[in-house]
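Structure, as structure tokens:
The values are calculated or read from the model by the stated rules, or taken from the named source; none is laboratory data. Keep in mind that what you see is a predicted model, and the values were worked out from it rather than measured. Cβ placement follows ideal geometry from the backbone for every residue including glycine, while neighbour counts extend to all protein chains displayed.
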Amino acid sequence: MMRPAFLTTEDDPSVAELRRKLDVFHASTKDYSDFNVEANSKPEIWTPIKAAIEQRFADKGSCRILEFGAGRTGFAVFLRELRSRVRLEVQDVTPQNQDYLSGEADAVHIGDISGLAGDYDIMFSTFVWEHVTNPRHTRDLLLQRLSPGGSLFVACPRYDMPGYIPPSARHYTTGARLGLTLWQTARWLGLSGRGEQFLIHTDPALFHRPWFRDSDAIHWVSMQDFASIPRGFRFSRILIPAPGLRGFIWSRFLVAFVQITREDRA
């Protein structure tokens with residue numbers, strides 16, 4: 001079964017125009033909730049990241065951290081007394097939160113991560129990966145900036161479960177949604193799309209309806225995305241504790257939380 005026409009890969013020339021339109025939106029919007037809320041808090045995700053920072057600090061006596069796509073992060077407060085002993089840097093693609101971030105971090109990087117310099121011991125993002133239009137390239141750049149023995153953490157939604165319509169596709173007709181579900185099922189069973197990774201949705205709901213959460217989540221993350229980790233790195237999955245049957249389904253099928261560690265040691 002053929003991949004839907006609105007899904008492509010980051011090498012497709014149309015993705016550059018998608019990125020431009022997203023940048024225009026994020027630079028001008030007044031309705032985007034992540035620009036208007038108080039500092040966010042994700043302790044269920046940040047707890048294992050903090051543990052890795054503590055271990056890194058114990059091993060080296062220092063720890064340089066990067067949160068990319070930081071938004072209005074509350075991570076500095078979450079670190080508590082550890083904050084004063086580590087170097088925390090943040091990155092975002094828009095200056096909307098620059099003033100806020102300047103009060104939270106030791107350095108703020110606005111723009112593409114290609115401008116980063118030096119190595120980091122711990123890098124992480126929290127529900128950002130699904131908004132990246134060049135996820136494979138971004139992953140490779142981040143891994144290049146990872147110090148020996150350091151770790152990259154990524155927590156994001158998954159959009160590969162049959163029957164689950166990603167938010168950015170919820171403007172489509174019932175027939176189009178059914179076709180998408182059939183394709184998702186064929187892909188899940190290995191009958192279609194085998195090996196396809198880092199799929200980008202070029203026609204998100206953001207451009208058809210008023211913004212709603214994740215209507216701009218154009219990277220349809222799959223666990224297949226993490227199947228091609230370069231040599232010299234170790235991949236592991238982290239399950240987020242969540243109560244009940246709904247929590248079980250969410251943590252195992254609707255969210256990806258992974259740790260990629262550079263195996264060589266300093």
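Observations
- In the stretch 99-137, the residues that are touching a helix residue (DSSP H, G or I) at 6+ places or on another chain (Cβ under 7 Å) and among the β-branched types (V, I, T): V108, I110, I113, I122, T126, V132, T133
Yes/no matrix, rows are residues, columns are (1) closer than 16 Å to I260 by Cβ; (2) not aliphatic (A, V, I, L, M):
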| residue | (1), (2) |
| --- | --- |
| I65 | yes, no |
| G69 | no, yes |
| V77 | no, no |
| N97 | no, yes |
| S102 | no, yes |
| A105 | no, no |
| I113 | yes, no |
| F124 | yes, yes |
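- Restricting attention to the stretch 51-93, the residues that are surrounded by fewer than 19 Cβ atoms within 10 Å (Cβ to Cβ) and touching a residue at least 60 places away in the same chain (Cβ under 8 Å) add up to 2.
- The selection criterion, being part of a helix (DSSP H, G or I) and buried (at least 20 other Cβ atoms within 10 Å of the Cβ), does not hold for E104.
- Of the residues making up the stretch 207-250, those that are farther than 18 Å from P166 by Cβ and among the polar types (S, T, N, Q) number 2.
- Top-ranked residue of the stretch 219-266 - restricted to ones that are small (G, A, S) and under 19 Å from F124 (Cβ atoms), ranked as surrounded by the fewest Cβ atoms within 10 Å (Cβ to Cβ): S236
- A single entry from S168, S125 fulfils the requirement of being of a type in the set (S, T, Y), modelled with pLDDT of 95 or more and within 26 Å of I53 (Cα to Cα): S125.
- Each residue in the stretch 63-99 was checked for being outside any helix (DSSP H, G or I) and at positive phi, and 2 of them qualify.
- Looking only at residues of the stretch 13-50 that are surrounded by fewer than 13 Cβ atoms within 10 Å (Cβ to Cβ) and either part of a loop (DSSP other than H, G, I, E, B) or touching a Leu at 6+ places or on another chain (Cβ under 8 Å) (or both), we find that the one that is modelled with the highest pLDDT is P13.
- Residue in the stretch 208-221 that is part of a helix (DSSP H, G or I), at pLDDT below 95, touching a Pro at 6+ places or on another chain (Cβ under 8 Å) and under 25 Å from L182 (Cα atoms) present: no
- If the condition is being of a type in the set (A, V, I, L, M, F, W, C) and either under 13 Å from the mean Cα position of the chain (by Cα) or in a helix (DSSP H, G or I) (or both), then the stretch 222-259 contributes M223, F226, L245, F248, I249, W250, F253, L254, V255, A256, F257, V258.
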